[in-house]
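Just below is one structure, and these are the notes that go with it.
Every read-out reported here was derived from the displayed coordinates using simple, explicitly stated rules and does not represent laboratory data. Note that this is a predicted model, so its numbers are computed, not measured. FYI the Cβ positions are ideal-geometry reconstructions off the backbone, even for glycines, and counts take in every protein chain you see.
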Amino acid sequence: MVSKQVKQLDRVIIRFAGDSGDGMQLTGDRFTQESAAFGNDLSTLPNFPAEIRAPQGTLPGVSSFQVHFADHDILTPGDAPDVLVAMNPAALRANLGDLPKGATIIVDTHDFTARNLTKAGYTANPLEDDSLAEHALHPVDLTGLTVAAVKEFGLSRKDAARAKNMFALGLLSWMYGRPVDSTIAFLERRFAKVADIRDANITAFKSGWNFGETTETFAVSYEIKPAPMPAGTYRNITGNLALAYGLVASGVRSGLPVFLGSYPITPASDILHELSKHKAFGITTFQAEDEIAGIGAAIGASFAGSLGVTTTSGPGIALKSEAIGLAVMTELPLLVIDVQRGGPSTGLPTKTEQADLLQAMFGRNGEAPVPIVAPQSPGDCFDAALEATRIAVTYRTPVMLLSDGYLANGSEPWRIPEIDDLPTIDPDFATAANHPLEDGESDFWPYLRDEETLARPWAVPGTPGLEHRIGGLEKGDGHGNISYDPANHDFMVRTRQAKVDRIADSLPPMEVDDPSGQARVLVLGWGSTYGPIGAGVRRVRKAGYHVAQAHLRHLNPFPKDLGEILKRYDKVLVPEMNLGQLSMLLRAKYLVDAVGYNHVRGLPLKAAELAEAIGELVAQAEGVDVDLTAPAEEAIS
Amino acid sequence: MTTNELPFPGLRSGVELVPTTDTPQTGKEFTSDQEVRWCPGCGDYAVLKAVQGFLPELGLRRENIVFVSGIGCSSRFPYYLDTYGMHSIHGRAPSIATGIATAREDLSVWVVTGDGDALSIGGNHLIHALRRNVNMTILLFNNRIYGLTKGQYSPTSEPGKITKSTPMGSVDHPFNPVSLALGAEGSFVARTIDSDRKHLTSVLSAAAAHRGTSFVEIYQNCPIFNDGAFDAIKNNDTKADAIIPLLHGEPIRFGVEGSKGLIRDGKTGGVKIAEVADVGEGALLVHDAHNPDPSTAFAISRLTDSGYLNQSPIGIFRQVERPTYDDQARAQIGTATQAAPGAPDERLAALIGGGDTWTVV
């Protein structure tokens, strides 16, 4: 046996790429689980086409999964892969441009046929000319080796070849010293009913490992030590799963049955799938005939005393707008979850974007304020769901939760919270008449408000004596009957706005990360840009410059101290995956000259590019030259 | 005119799980303090009176009754009833009622809608409520015109109708609401008339007693924008020939002194009108609302005039037993809940702590 060298690394970015049918998402997910179990910090970026099976071997059909894992805490899936695993020419060609010089490329040579090369747009075989000379190329016949390894199971050649992703996973698992038990256990579960397929996949996986260990193709393996993390029990979690769990927790902690009315739409459908499994928590999932019926049923369920929830993406919000207005007018608790994707129209269904902020804020007729919360990482979707529920139930209002495609499908290690640490949410149903009459009796006024929150009573059908009618027509203050009175309308419009504004009273002060206290530039973000912004800020600080970072969980209303925080800094940079929607809100409300950093590429922002933009602003603000490549002269703690 | 007032044996009642009261109720108790604001002479008044008079007969607790409406003249209905109610948005009442009925088995859920609300903007929700068979009663007030928007043609207006939006006559082909409901596999489909309180009440009783989506089309006169649309079936001189009464278990016979009736059409497999004197009583079609096959009910529905209404079958076309969406959805939750004992907090901890985990000390 060859003696192999082991090198220490602090972090690695691997991208698995192949045809949509090659199982790259599964491969990446398994590698992620292995890395999570090993104790690395990690962040992932699945990237796949909207077509379920685009033509085989073509560029549009390429599906990839990027995983960044490290011995320290990391914030993003990484800008550029250190390692590319390409299962065919199209996968190589589609991803090559993202690789830095010196990156490792492992290709399955089996698919580098003349036909496949042509399909991918190659006129010459890149494995045979010197076009990949700047990279460390490892051509391996992954398919051939797999077919040979699983021969004993008597599978068709096609079925045998399908296990090649597990061979590749085994090889990469060897290269990076990943624990393999969880993948073997996974394969045993997944293929429990088809013994030959199960055995072939496990054999392919082990053969990939042994191929790395025993042949001379790979001389070096790598070790990335576990990352120090706060004590606790962890699991790897995607944003959609965390959001679904957050909704289950919302039901448990409020004592309300959860009712999800939803119509399938990418990238939100996984929440519907997940919640449909948890009927034991009293959760009803209603797959409606359309987006409007989904929210309609959720509003009906809320009226009947459930926690009504609807899940969708941007196009669905457009369809639900009128019904959201009804929930504003009837002042019923409702969660509206928008897993944003590239727009407008059908746009980029499987890609990420943050361009629904203004739709969430203003996309309704009339003055129809809706509170907005946004999670900042996959695991944070759990807490954001609970916070949205708290606001919806306490203030009797629809609440918009803005996730996005990157959070939905990306994953990270998540410290599993103790149940006792989760908030309790009191539905505080109305049980008795609330309006005294002259004769000493009382009747029920559905729009008589709580003085502190301005919330109206939530009286559910079945409660005797509180029979009342609500609807979309303007309500008279207090009694809630139809009113066309001009002064009443003006008052009610202002009251609904004031109620949403009052939510700010319940928010904690913002956390501003300004370790030196000398920063003159603030980077302010919201949603899934938290990771790239944090990584960009770190790079700037590492090079010796001062910069502050703050991130908004609440987009409507803004935290009360936001205006004061903005005034503290000479320059405010607002990175967003849109053309400046938060910037517009900040400028309008605070008259601050916010500088936008905007990309709408369907992908997360890149930390390195963002660091450059921050550096430029620091140079302007401080009147210094900023060179992020130079080592720090003055270390910043 | 009478109809079968009770469901056929074996069918679970639509209000079986709704709490009842022993205290006698009156129509007044179901009347809210809001002033009714329909035009003088509107057919909606008659329906409201009939409903207020009929609800006490159900003996249900008032707080367990919910009326939901969409947009249009008839959709003001919930404001005038002292029950729980929601006046929602255009066309969406069936979806909102679906949420209410599925969330709560102990509520009697009613939808009030019109021909524009239910068949134009809300057509999708109507057909899907019917196919799912959610336990609710849908009252479709059909006046064959848009009233609230002041007189445009509706999806039930006759072809050629001159309205504000069709000065040269409408070129839209109309829906027959009963045919549509039967096509959507409605389990209870009926038609009645605003001005015939006795028949209206009997159909409402049967609709409330039916478990599943009960669909009731009510011919309702709009005296402002479409006055006289139903004169043929209301006028004492013409109604004998205009109304084809449907009574379960009885031969379908109409006309002055029952001179006409329905028989099988051998050529088409459908039904047609014949003179009883020509074909004999024995040849008349006996109405079977409980027939699992909706073909005959559909064929009968096609005898409705699509132009000016000179002839229309009235009564319960179809009433069959079929599992309801809400009962089944609740049953699944019940099964899952029973299989998972333990405090919710503990089960939540087990759920979020499941999967591949690792511990950092």
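Legend: Rg and Dmax of segment A:185-333, from Cα coordinates, 22.5, 71 Å. Taking label positions 7 Å along the Cα-Cβ direction at both A:E451 and A:D570, the computed distance is 4.9 nm, reported to one decimal.
Just to be sure I follow: if Rg is taken over the C-alpha atoms of segment A:272-330 and Rh is the Kirkwood radius over the same atoms, what is Rg/Rh? Kindly include the intermediate steps, with their values, before the conclusion.
On the way: Rg = 11.6 Å, Rh = 12.0 Å.
Here Rg/Rh amounts to 0.97.
Evaluated on segment B:301-348, the Kirkwood hydrodynamic radius is 15.5 Å, with distances taken between all distinct Cα atoms. Each principal axis of the Cα cloud of segment A:345-408 was taken in turn, and the coordinate range along them, longest first, works out to 33, 31, 13 Å.
Taking every Cα-Cα distance in segment A:119-181 and sorting them into 5 Å bins from zero, the calculated P(r) comes out as 3, 14, 18, 16, 19, 16, 9, 4, 0 percent.
Rounded to the nearest Hz, the phi-derived 3J(HN,Hα) couplings of segment A:409-419 under the Karplus curve 6.51 cos²θ - 1.76 cosθ + 1.60 (θ = phi - 60°) are 9, x, 9, 7, x, 10, 6, 5, x, 6, 4, where x marks glycine and proline.
How much FRET efficiency would the formula 1/(1 + (r/R0)^6) give for A:D73 and A:E152, where r is the Cβ-Cβ distance and R0 is 41 Å, rounded to 0.05? Before the final figure, lay out each step's value.
Values: r = 45 Å, r/R0 = 1.09.
Efficiency, rounded to the nearest 0.05: 0.40.
Here the protein assembly as shown yields Rg over Rh of 1.05, to two decimals, using C-alpha coordinates and the Kirkwood radius.
Work through the residues other than B:Q338 whose Cβ is under 14 Å from its Cβ and net out their charges, Lys, Arg +1 and Asp, Glu -1. Write down the numbers at each step before the final one.
On the way: positive: A:K279, B:R330, B:R347; negative: none.
Its environment carries a net charge of +3.
When the Cα positions of B:I138, B:L182, B:P167 are compared along the charge dipole of segment B:133-227, B:I138 comes out farthest toward the positive end, with charges on each C-beta of Lys, Arg, Asp and Glu.
Rounded to a whole number of µm²/s, how large is the Stokes-Einstein D of segment B:192-250 at 20 °C and 1.002 mPa s, given Rh as the Kirkwood radius over C-alpha pairs? Each step should come with its number before you reach the end.
Numbers: Rh = 13.0 Å.
Translational diffusion coefficient: 165 µm²/s.
Peptides A:63-76, B:192-205, B:108-121 ranked from most to least packed give B:108-121, A:63-76, B:192-205, packing being the mean of other C-beta atoms within 10 angstrom over each peptide's residues. Shielding of peptide A:232-238 by partners, expressed as the average count of other chain Cβ atoms within 10 Å per residue Cβ, is 4.
Rounded, prolate or oblate: which fits segment A:111-230 when a ≥ b ≥ c are the square roots of the eigenvalues of the alpha-carbon gyration tensor, with rounded for a/c under 1.5 and prolate only if a/b beats b/c? Cα axes put segment A:111-230 in the oblate bin. Sorted fewest first by neighbouring Cβ atoms within 10 angstrom, B:R264, A:R93, A:R189, A:R162 come out as A:R189, B:R264, A:R93, A:R162.
Can you tell me the dipole magnitude for segment A:427-521 around its Cα centre, using point charges on the Cβ only (Lys, Arg +1; Asp, Glu -1), in Debye to the nearest 20? Working shown, then result.
Values: 9 positive and 18 negative charges, 78 e Å.
Roughly 380 debye for segment A:427-521.
When the chymotrypsin sites (Phe, Trp or Tyr not before Pro) in segment B:254-361 are filtered for DSSP coil states and for at most 15 other beta-carbon atoms within 10 Å of their beta-carbon, the remaining sites are B:Y308.
Give the residue from A:S221, A:I503, A:V537 lying farthest towards the positive end of the charge dipole for chain A; charges sit on Cβ (+1 for Lys and Arg, -1 for Asp and Glu) and the dipole is referred to the Cα centre. It is A:S221. Put a plus charge on the Cβ of each Lys and Arg, a minus charge on the Cβ of each Asp and Glu, and nothing anywhere else: the dipole of the protein assembly as shown about its Cα centre is then about 1640 debye.
Across segment B:45-163, counting alpha-carbon atoms alone, Rg and Dmax equal 14.5, 47 Å. Put simply, the C-alpha atoms of segment A:103-154 give a gyration tensor, and the ellipsoid matching it has half-axes of 25, 15, 7 Å, longest first. For segment A:45-198, the fraction of C-alpha pairs more than 23 angstrom apart is 44%.
Two numbers describe the Cα atoms of segment A:1-56: Rg and Dmax, which are 15.0, 46 Å.
Please compute the net charge surrounding A:K277, taking Lys and Arg as +1 and Asp and Glu as -1 over other residues with Cβ under 15 Å from its Cβ. Could you put the intermediate results ahead of the total?
On the way: positive: A:K279, B:R347; negative: A:D270, A:E274.
Every neighbour counted, the sum reads 0.
Among A:L155, A:G347, A:V258, which residue has its Cα furthest toward the positive end of the charge dipole of the protein assembly as shown, with +1 on Lys/Arg Cβ and -1 on Asp/Glu Cβ? Going by the Cα projections, it comes out as A:L155. The orientation-averaged shadow of the Cα convex hull for chain B, equal to a quarter of the hull surface, comes to 24.9 nm².
Just so you know, the Rg over Rh for segment A:422-580 is 1.17, from Cα atoms, with Rh as the Kirkwood radius.
How big is the Cα convex hull of segment A:317-384 in projection, averaged over all directions, in nm²? If you can, show how the numbers build up before the last one.
Details: hull surface 20.1 nm².
Value for segment A:317-384: 5.0 nm².
At each listed q (0.15, 0.16 Å⁻¹), what is the log10 of I(q)/I(0) that the Debye formula gives for segment A:333-471 modelled as equal alpha-carbon point scatterers? Taken in order of the listed q values, log10 I(q)/I(0) reads -0.88, -0.95. Looking at segment A:534-637, what % of the alpha carbon pairs are farther apart than 21 Å? Result: 37 percent of Cα pairs exceed 21 Å.
So how do A:10-18, A:552-560, A:511-519 stack up, highest first, on mean other-Cβ count within 10 Å? Can you show the working numbers first?
On the way: A:10-18: 23.7, A:552-560: 19.6, A:511-519: 14.8.
Result, highest mean Cβ count within 10 Å first: A:10-18, A:552-560, A:511-519.
Here are some pairs, A:K119/A:K606; B:K28/B:K234; A:K499/A:K560; B:K198/B:K272; which of them have Cα atoms lying more than 25 Å apart in this structure? Where the Cα-Cα span goes over 25 Å, the pairs concerned are A:K119/A:K606; B:K28/B:K234; B:K198/B:K272. Rounded, prolate or oblate: pick one for segment B:275-316, where a ≥ b ≥ c are the square roots of the eigenvalues of its C-alpha gyration tensor, a/c under 1.5 means rounded, and failing that, prolate if a/b is larger than b/c, else oblate. Here segment B:275-316 falls in the oblate category.
Phi angles of segment B:198-215 translate, via the Karplus equation with coefficients 6.51, -1.76, 1.60 and θ = phi - 60°, into HN-Hα couplings of 5, 5, 4, 5, 5, 5, 4, 4, 5, 5, 5, 6, 7, 8, x, 7, 9, 10 Hz per residue; Gly and Pro are given as x. Taken about its Cα centre, segment A:448-584 carries a charge dipole of roughly 680 debye when the Cβ of each Lys and Arg holds +1 and the Cβ of each Asp and Glu holds -1. Using a ≥ b ≥ c from the Cα gyration tensor of segment A:392-465 (square roots of the eigenvalues), is it rounded, prolate or oblate, where a/c under 1.5 gives rounded and otherwise the larger of a/b and b/c decides, a/b for prolate? In terms of gyration-tensor shape, prolate.
Once every DSSP H run of n ≥ 4 in chain B is given -39500 (n - 2.57) and the sum is divided by its residues, what mean residue ellipticity at 222 nm do you get, rounded to the nearest 500 deg cm²/dmol? Present the calculation step by step, with values, prior to reporting the outcome.
Working: 11 runs with 99 residues, N = 361.
Per the formula, -7500 deg cm²/dmol.
Translational diffusion coefficient of segment B:162-309 (Stokes-Einstein, Kirkwood radius from Cα pairs, 4 °C, 1.567 mPa s): 77 µm²/s.
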